[in-house]
Amino acid sequence: MNLSEANLEELLDALHDGVYITDADGITLKVNRAYERLTGLRGVDLVGRPMQELVRDGVLSESVSLRVLKEGKALSMMQRVSQGNRLLVSGTPILAADGSVRYVVSTVRDMTELLRMKHERDELQQLKQLRSSTARLHAGQRDALLNDSPVADQVASGRVFAQARQVARSDVKVLLQGETGVGKTLIAQYIHTASARAQQPFLALNCGALPEHLIEAELFGYVPGAFTGAGSKGKRGLLELAHQGTVFLDEVGDLPLAVQVKLLKVIEESRFIPVGGLELKEVDVRIITATHHDLQHRVAEGRFRADLYYRLNVVPIHIPALRERSDEVVPLLNYYLAQFNARYARQLSWSLEALDRLVDYPWPGNIRELINLVERMVVTCEGDSVGLFDLPAEVRQASGAGGADAQIPLRKRVELLEREAIRAALLQHKTTREAARALGISQATVVQKMKKWDHTD
């Protein structure tokens, strides 16, 4: 049974992928509806025109058909169209009996759709993990804090939460270690919430945020007239206020040596003397500490007492940096986006390209930086979706989790800036001619650079 031209056209239009057919001279013979949908170009404007002319006029940034005709073999390349979508274009030669090329058939696939499928698959896997872990827990065993955590069922954080659950059963001393912003306070709160002290106070003090005399006063309290500026009625310290509860000392490595001596006495004897006082106060309190410093190194430098270090470091829990647990970035982004959407009455969502860039970003400020970025996007984005070019420049231009931006050669940095500027102009102005005019450069320069980048992508 022979296919008529009308039947062939109907079959091509039924395909989900785009199809572009040229003859041996590079003349456009046929494009299907999917190609028009994916690229925004109309078949009536393409059919009959040579590919060389379309590239010269900036209609297409580069032609895989011309490369196939030149090299005589199947080739693939990435292209970005004016709507911002990334396309995978694969050209295949149709050969005559003598081996010459008769036609070139190019298929076009939307990589943005593939990204969407990838994210949907990842989300499904996360849902399966959540259901599996929930099924293993007896009813009522999971507390509210764990329920509210967007990453507690992920591999890396799940291991940390499991350690925290284990140590919560006793009053053993725990030292939380990790970079600034990884979530040490959250883990400390979880340990308290999962312990027998859950109904009692949880009080936190950042030891690096206050001067020495204020840290001592905040922690141990003071009697009336203990120092200049002290309240006339005195003040109870965190240790006394948290009686039968938990005190969390963040950045304990910054604790002054004089205060370290008093803290050691609390740990050893469960009692202390307020600043300016004479009377010992007894207290029943659990102490959890955290630091981003290497405390052993500080001990060697004489900046931290060895006896206190060994008292605090009974069970160390290391919380990995966010760049070491990239599978948690998307759940965290979605979790905090939902929170800030509710706070600011927005319905913002993430574009797939923005998500991919955020997953690759090294997050030097860890979860604290992520939270700040999400709030910034919710407040500043004008549209309904956070696109790639809505992200801060330092995020878009970051070299990724594998290296530091400072190690990028100057020439490469300039190229990255050019690339971002040209792509942003193309997204805004749609054509290479208008983008070139907006950037103050020639259209040929824009087309030439796009050819280079599409070839290296």
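The values are calculated or read from the model by the stated rules, or taken from the named source; none is laboratory data. In this text, all values refer to a predicted model and were calculated from it rather than measured experimentally. Neighbour counts are summed over all protein chains in view; Cβ atoms, including those assigned to glycine, are modelled from backbone coordinates with ideal geometry.
The residues listed here are Leu322, Leu373, Leu295, Leu348; of these, the one that is touching a residue at least 40 places away in the same chain (Cβ under 8 Å), within 31 Å of the chain's Cα centre (by Cα), farther than 30 Å from His243 by Cβ and crowded, with 18+ Cβ neighbours inside 10 Å is Leu322.
Residue-level analysis places Val330 outside the set of residues that are free of Cβ contacts under 8 Å to residues at least 40 places away in the same chain, part of a helix (DSSP H, G or I) and of a type outside the set (Gly, Ala, Ser).
Considering only region 192-241, state which residues are assigned to a loop (DSSP other than H, G, I, E, B), at pLDDT 85 or above, more than 15 Å from Val266 (Cβ to Cβ) and not small (Gly, Ala, Ser). Correct list: Arg197, Gln199, Gln200, Pro201.
Would it be correct to say that Leu358 is at pLDDT 80 or above and either aliphatic (A, V, I, L, M) or exposed (fewer than 13 other Cβ atoms within 10 Å of the Cβ) (or both)? Yes, satisfied.
Tell me, yes or no, whether region 267-276 has at least one residue that is under 27 Å from Ile319 (Cα atoms) and either in the same structural domain as Asn366 (by TED's automatic domain parsing) or not charged (D, E, K, R) (or both). Among the residues of region 267-276, at least one is under 27 Å from Ile319 (Cα atoms) and either in the same structural domain as Asn366 (by TED's automatic domain parsing) or not charged (D, E, K, R) (or both), which makes the answer yes. Of all residues in region 15-40, exactly one satisfies the criterion of being over 27 Å from Gly99 (Cβ atoms), at pLDDT 85 or above and part of a loop (DSSP other than H, G, I, E, B), namely Asn32.
Across region 322-345, which residue is modelled with the lowest pLDDT among those that are charged (D, E, K, R) and closer than 21 Å to Lys184 by Cα? Steps first, answer last, please.
Narrowing region 322-345 to residues charged (D, E, K, R): 323-325, 327-328, 343.
Then drop every residue that is not closer than 21 Å to Lys184 by Cα, which leaves 323-325, 327-328.
On the way: Arg323: 88, Glu324: 87, Arg325: 85, Asp327: 81, Glu328: 85.
This residue is Asp327.
The conditions of being modelled with pLDDT of 80 or more and either surrounded by 15 or more Cβ atoms within 10 Å (Cβ to Cβ) or touching an Asp or Glu at 6+ places or on another chain (Cβ under 6 Å) (or both) are not met by Arg419. For region 351-364, a residue qualifies if it is touching a Leu at 6+ places or on another chain (Cβ under 6 Å) and either in contact (Cβ under 8 Å) with a residue 60 or more places away in the chain or more than 19 Å from Asp384 (Cα to Cα) (or both), and the qualifying residues are Leu352, Glu353, Trp363. One residue alone among Phe304, Phe389, Phe340 is hydrophobic (A, V, I, L, M, F, W, C) and in the same structural domain as Tyr190 (by TED's automatic domain parsing), and that residue is Phe304. Taken as a whole, the condition of being assigned to a loop (DSSP other than H, G, I, E, B) and either within 20 Å of the chain's Cα centre (by Cα) or surrounded by 15 or more Cβ atoms within 10 Å (Cβ to Cβ) (or both) applies to Phe304. Scanning region 47-72 for residues that are free of Cβ contacts under 8 Å to residues at least 24 places away in the same chain and surrounded by 14 or more Cβ atoms within 10 Å (Cβ to Cβ) yields a count of 4. Note on region 174-203: residues that are within 29 Å of Arg323 (Cβ to Cβ) and of a type in the set (D, E, K, R) amount to 2.
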